[in-house]
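Accompanying notes for the structure given below.
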Amino acid sequence: MNITDALVAFSTIDADPEARDMMRLSLFDWAACGMAGAAETDFAGFSRLVLQQGGTAEAMTLLGSTIPAAAAALVNGTLSHALDFDDTHFAHIGHPSVVVVPAALAVAQKEGLGFEAMLDAALIGVEASIHVGLWLGRDHYQIGFHQTATAGAFGATLATARLLGLTNCETRHALGLCASMASGVKAQFGTAGKPLNAGLAARNGVEAALWAHQGMTAAWDGLDGPSGFGDTHHGSAQTEHLATLGNAPWHILSISHKFHACCHGLHAMLEAIAGTAISRDDVKAVAITTHPRWMSVCNKADPTTGLEAKFSYRHTAAMALSGISTSRREMFSDAMANDPALGALRQKILVHEDAGLSEMQAKVQITRQNGEVAEFSHDLAAPMRLATRREKLQIKARDLVGAEMADQIWAAIASDDFAGLCLILGGSKR
């Protein structure tokens, strides 16, 4: 089976109930991240220009305006990734929800559909994006492509195709059209260009499916054929995982939600440090060991901006050892990145790689002033009960948008109230 055949068949299957429960939590997490991200001033000019273009009022934005669905997906995808606080899947190292959810929300509103249709489409799109990421393989990511944007665009396309009720033929054309648009590079990490990657991918998915629905054609093998997307973007065309597409367990069940406001590659290390009781004044040296892949992603040695600090082992470790909360987004400021005390502590921290660790594991060795050595480790793959995850996400959401707003969002999602959710996210109930 090739990837295109598998995706087309998958686009219309019944959603798995357990996977749907996890998608509901990711929707809640996305909503809180998006509402908080909408306040980021770095994106004010970008958002203003998109909104000024106007067009048919089809879908809400996190800024309160109602604009065409594709433009809404662009704005909401970008703003909800502004904090880099949304979910991650380590199977392919991508942020699935931040691309797929904005696309599904926008098109469901455009088509006048309900909560269940939107949630199931988002779930299908998220799961599909992970499988496309697995199909592309780690070489695609390692060479510099941003899987959130590339694999994510195809997930957004499939979610939109499902909501529009595309035929198998139209869905193939939509995937082919997406193959000419999917893009995004890791060079943008640490800049506003990274969230834009997510927004562009969401918009691309919506447009590809809408165009195919209107009769536009494309290569049926634009994703996996000769000179197609995989061929030209360092895809490894791994297909073993396709046999599990649509079968239990779904990949979304092993999704990882962020509980620190920085790159997910840093979280295992930060969780390991959370188990220490060593003050920074007692630290003589720190050795962090991580998977080699993170060395080029989140190992900025001496960040000078808050955005860069989100991609720095040394800086975030210094924050954690200093008792500064890495779960609070306001702590990742330019002033904090240039704090002299943190800068001095950073100089005591070294980062090493070990291919024997998984991408979800980290080890921390702390040498105290008296020469004693303490070792700590953490694995993000450790199981977490759904109820525990929900509680942690509710705490996170309340910190991001306030207790009253967080509770309103969860109440709408828990009761399948799509209209109410859109009113809250669009500002009418704030």
**Message:** Quick check on the range 180-194: of everything there that is open to solvent by less than 20 Å² (accessible area, probe 1.4 Å) and under 18 Å from PHE154 (Cβ atoms), which residue is farthest from the chain's Cα centre (by Cα)?
**Reply:** ALA182
**Request:** Give me a count of the residues in the range 275-294 that are modelled with pLDDT of 90 or more, open to solvent by 10 Å² or more (accessible area, probe 1.4 Å) and within 24 Å of GLY356 (Cβ to Cβ).
**Result:** 5
**Prompt:** Restricting attention to the range 167-176, which residues are surrounded by fewer than 24 Cβ atoms within 10 Å (Cβ to Cβ) and either of a type in the set (A, V, I, L, M) or in contact (Cβ under 8 Å) with a residue 24 or more places away in the chain (or both)?
**Reply:** ASN168, GLU170
**Failed condition for THR191, given (1) in contact with a Gly (Cβ under 8 Å, 6 or more places away or on another chain); (2) assigned to a loop (DSSP other than H, G, I, E, B)** = (1)
**Prompt:** Cβ-Cβ below 6 Å, separation at least six or inter-chain, first residue in the range 273-300 and over 12 Å from ILE366 (Cα atoms), second in a helix (DSSP H, G or I): which pairs?
**Reply:** TRP294/GLY265; VAL297/GLY265; CYS298/GLY265; CYS298/LEU266; ASN299/TYR313; LYS300/GLU308
**Message:** Being hydrophobic (A, V, I, L, M, F, W, C), under 19 Å from SER256 (Cα atoms) and touching a residue at least 24 places away in the same chain (Cβ under 8 Å) is the requirement here; does PHE28 meet it?
**Reply:** yes
**Request:** Could you tell me which of the residues LEU134, LEU164 is touching a residue at least 40 places away in the same chain (Cβ under 8 Å) and more than 18 Å from the chain's Cα centre (by Cα)?
**Result:** LEU164
**Asked** helices (runs of 4 or more DSSP H) wholly in the range 83-146 with at least 1 residues that are out of contact with any Cys (no Cβ under 8 Å at 6 or more places or on another chain), among the small types (Gly, Ala, Ser) and farther than 25 Å from GLY190 by Cβ - which ones?
**Response** 97-110, 115-136
**Fill in**
Considering the range 336-353, residues that are farther than 17 Å from LEU270 by Cβ, of a type in the set (Gly, Ala, Ser) and in contact (Cβ under 8 Å) with a residue 12 or more places away in the chain, and then whichever is most open to solvent (accessible area, probe 1.4 Å), we arrive at ALA341
**Asked** From VAL75, VAL50, VAL8, which residue is free of Cβ contacts under 8 Å to residues at least 40 places away in the same chain and open to solvent by less than 50 Å² (accessible area, probe 1.4 Å)?
**Response** VAL50
**Message:** So SER377 passes all but one of these: (1) open to solvent by 50 Å² or more (accessible area, probe 1.4 Å); (2) hydroxyl-bearing (Ser, Thr, Tyr); (3) free of Cβ contacts under 8 Å to residues at least 24 places away in the same chain; (4) closer than 26 Å to HIS267 by Cβ. Which condition number does it fail?
**Reply:** (3)
**Item:** Test result for ALA108, touching a Phe, Trp or Tyr at 6+ places or on another chain (Cβ under 8 Å) and under 18 Å from ALA208 (Cβ atoms)
**Value:** yes
**Prompt:** So, of the residues in the range 357-374 that are among the hydrophobic types (A, V, I, L, M, F, W, C) and open to solvent by less than 40 Å² (accessible area, probe 1.4 Å), which turns out to be farthest from MET269 (Cα to Cα)?
**Reply:** ALA374
**Request:** Any residue in the range 242-257 that's in a helix (DSSP H, G or I) and open to solvent by less than 60 Å² (accessible area, probe 1.4 Å): show its pairings with residues that are modelled with pLDDT under 90 and not basic (Lys, Arg) at Cβ separation under 6 Å, as long as the two are six or more apart or on different chains.
**Result:** LEU242/MET1
**Fill in**
In the range 83-96, anything at pLDDT 95 or above and open to solvent by 10 Å² or more (accessible area, probe 1.4 Å) is listed as HIS95
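The values are calculated or read from the model by the stated rules, or taken from the named source; none is laboratory data. If you're wondering where the values come from, they're calculated on a predicted model, not measured in any experiment. For neighbour counting, all protein chains shown are included, and Cβ atoms are generated from backbone atoms with ideal geometry for every residue, glycine included. Accessible surface is based on the protein model in full, side chains and every heavy atom, while ligands, DNA and RNA are left aside. Shrake-Rupley method; radii C 1.70, N 1.55, O 1.52, S 1.80 Å.
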